[in-house]
1. Out of A:295, A:288, report the one residue that is within 30 Å of residue A:381 (Cα to Cα) and surrounded by 22 or more Cβ atoms within 10 Å (Cβ to Cβ).
2. Considering segment A:404-423 alone, what residues qualify as being assigned to a loop (DSSP other than H, G, I, E, B), more than 26 Å from residue A:525 (Cβ to Cβ) and in contact (Cβ under 8 Å) with a residue 12 or more places away in the chain?
3. Going by what's in this entry, would residue A:264 be described as under 28 Å from residue B:117 (Cα atoms), touching a strand residue (DSSP E or B) at 6+ places or on another chain (Cβ under 6 Å), in the same structural domain as residue A:106 (by TED's automatic domain parsing) and surrounded by 19 or more Cβ atoms within 10 Å (Cβ to Cβ)?
4. Scanning for something surrounded by fewer than 22 Cβ atoms within 10 Å (Cβ to Cβ), modelled with pLDDT under 95 and either assigned by TED's automatic domain parsing to the domain that holds residue A:446 or closer than 30 Å to residue A:432 by Cβ (or both), does segment A:467-478 turn up at least one residue?
5. Residue A:182 passes all but one of (1) in a strand (DSSP E or B); (2) surrounded by fewer than 16 Cβ atoms within 10 Å (Cβ to Cβ); (3) under 26 Å from the mean Cα position of the chain (by Cα); which number fails?
6. Of the conditions (1) without any contact (Cβ under 8 Å) to a residue 40 or more places away in the chain; (2) crowded, with 21+ Cβ neighbours inside 10 Å, residue A:187 fails just one. Which one is it?
7. Working only within segment A:479-506, note down all residues that are part of a loop (DSSP other than H, G, I, E, B) and at pLDDT 95 or above.
8. Can you tell me which residue within segment B:190-205, out of those that are surrounded by 14 or more Cβ atoms within 10 Å (Cβ to Cβ) and free of Cβ contacts under 8 Å to residues at least 60 places away in the same chain, is farthest from residue A:50 (Cα to Cα)?
């Protein structure tokens, strides 16, 4: 998934850089848990007060939104989908999908090409469509909007596997041939290829049902018709909450004349209240009566966190917690229980471009794997609390079998003493031994060819990034690789990195985060050759690029390693077989290609105010499960619907 | 008596038979010139951004793995598929200070948070205005009296001390001064409130809680030092003028000589500087707002620059330039009013 505001993870690195120096003396293990321990049953009532200084990008349009904040709100509160998550951590099944609008898990044909979903009956939308039942054509409507050429959807590529979707998206067809609704409570999805994670794709908020327009039943996109870029301001909820004032929506008017949701004020406030229509939702207890989010793009993170500590607000929707706040929560007895640290499925890494010398040589890449001092990087970035060292590509939470075993937990193909790389004699020896085998190195293990000098490298320039860049620069100098380091802001970095013709040999700042809890999302756009694109290329290493692609982007080296076969092998699988397959793909990447040096996995660090009880971590949203939060005292004044 | 040969027909001391007409023409000319300045500033800003190697905003706003069609759609929605000169024209129309034109939300639409730039500016301006007004009052209250006393007691220990302090004040970088004040008065002595304004808190409440005190002092110290030196220098110069000697010769008390005759002339340049300084601050005191976490225009400008949010940068730049242009005009008009030797030409 793209990080808020800065594509691909730089913002996460910058934000996590604000969790910079956490004194190791404070204790590296973290003091929070994945949920608050309270013996008192959660009470219903009250209004959860949140704050954020980051507005969403597309005004809550469910087909366009592509950020964690919006995913969290959609999944917990506003939208139900055929499948969904239980809103808990991975250790409690938070990585699995469960039937939500569906009555049970879908049935899949033996060839894996036909998925049949049966839907619950008697579920209705929020006002003003409280009398409208949620039916299977409503799901079709959502998928049509995802593929609509006039709607800039966030992730349509996940639905290319549906037969006819590509033709519909290209404007060659008026409907999606692979979707059929033999009755109002059945949806049959026909695929072009077996896709083991289709259940996850139907848990994405973009697939949430769109109701028909009672005033215009023939409108293909229902109430979203005419709102190509701003349906969020007219969205009808299907979850336990709805935007305040939802009853004021008036679809009898033309789209441009329709009033917008009063509870959704861009840049100011988002107000959610209970959806009176919502019933039969065992996955979302929805203890609080409402959720009020104050949006202050100009507010500083420090100020917002102080408000949490003071109890003025209950939580800040943010990327990471400031070092000073973290220290305070770790060391203050009555605050410790309001600090929560959970693994989030993200990573940071160094990307080596396989098409540029000296990184076209696998021995050079392996030497780099050994040389980088990951322990020093971890110290620079704030210690083990927020930055557990990564020894392979895919976060462990995504490579967990049904029995809870993390397949690659102890897998470390480039282990060096204390993970200190070339800063130890043992690590340096290993790195040099690899370099000595490369065509750019000499027998002593130093990279001596001219390609080893002046290697263009991009790194960030904010927070701890300069120190981080400097550490890597020193590490690689020990094996003879001299970096020409350019430190830029995130936007400038990605202007270069996303363009494959830039031919950047080394990138120090990329990061990645799951879109949904399946390792597919860690390979599909980053390591799969067919997805290398000229406009927004996240495969910085050019893994799997064909000779034609390499020529097109101006590379003199045209043959690079590929793992397309490994990825394609895993795509149709399900269950533990799928997890094991992705684990094998991870190993293949690390050992046979070594295109990236994983530095850290990420943890989500969260603080809550004093009245919050029953904190539960939502693995999918990498944040707090707002439908499970309860407040001390329960009742307080609730915003009116 | 005939006309002297060679004397220009339009003497600077000639008065027009209709002074109002003179002023009117002057104002119109200056207004048009000011508008031209805004156009040049906007054009320069636009060219810089077109040339900067920033990320395509369409990619930022698109999901991952956008198709070329999707990117084209977003670029079209943002107006980026139009010729460069057409894009500039749309932004340039936002310079017209008229409802429906000025910072048109359809064009000045933040690429970072998709909020109209005008909305952000309107929300943030009161904070910058509060910061500016408070600091201005403070530095005038500090700088002018110090400058007067220094000039009157020239060469004394008080004068020397004041000028040394002024030198320190002028030399101290404002970010350093701000951080020192914050450390001493908030972190060490716990006298000042924490920096920043809590989300949703009204501005008046923030003012009453003292959030602006340290930022006012920080801004005021630097400017007060400068103004005290300026007032001292001007007053010393003015006090050596012939008309001051004449006033003294007439038996007017020294106090009256200084305050009624000397100060008027000495403060005239101060008016000029004051107008420009205030206008500059109204565009956003970037450093002060950043250190003290005040969500004003300066912080907005900085954040917009970091995020390559061109519409926001353009909007803030235009607003800042607008204040400078207006201040220049006001100062020139007031200056002519204050100094009878100056005429509108």
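1. On the way: A:288 fails: within 30 Å of residue A:381 (Cα to Cα).
Of A:295, A:288, the one residue that is within 30 Å of residue A:381 (Cα to Cα) and surrounded by 22 or more Cβ atoms within 10 Å (Cβ to Cβ) is A:295.
2. First, pick out the residues of segment A:404-423 that are assigned to a loop (DSSP other than H, G, I, E, B): A:404-405, A:407-416, A:420.
Add one more test, that the residue is more than 26 Å from residue A:525 (Cβ to Cβ), and what stays is A:404-405, A:410, A:415-416, A:420.
Across segment A:404-423, the qualifying residues are A:404, A:415, A:416, A:420.
3. Details: under 28 Å from residue B:117 (Cα atoms): yes; touching a strand residue (DSSP E or B) at 6+ places or on another chain (Cβ under 6 Å): yes; in the same structural domain as residue A:106 (by TED's automatic domain parsing): yes; surrounded by 19 or more Cβ atoms within 10 Å (Cβ to Cβ): yes.
Yes; evaluated as a whole, the condition is true for this residue.
4. yes
5. The single condition residue A:182 does not satisfy is (3).
6. The number of the failed condition is (1).
7. So the first thing to find is which residues in segment A:479-506 are part of a loop (DSSP other than H, G, I, E, B), and the list is A:479-482, A:489, A:498-499, A:503-505.
Scanning segment A:479-506 gives A:479, A:480, A:481, A:482, A:503, A:504, A:505.
8. Within segment B:190-205, the subset surrounded by 14 or more Cβ atoms within 10 Å (Cβ to Cβ) is B:192-201, B:203.
Checking which are free of Cβ contacts under 8 Å to residues at least 60 places away in the same chain leaves us with B:192-194, B:198-201.
Values: B:192: 27, B:193: 23, B:194: 21, B:198: 13, B:199: 10, B:200: 12, B:201: 14 Å.
Per the criteria, the residue is B:192.
The values are calculated or read from the model by the stated rules, or taken from the named source; none is laboratory data. Source: prediction; values computed, not measured. Glycine gets a Cβ as well: all are built from the backbone with ideal geometry, and neighbour counts include every protein chain shown.
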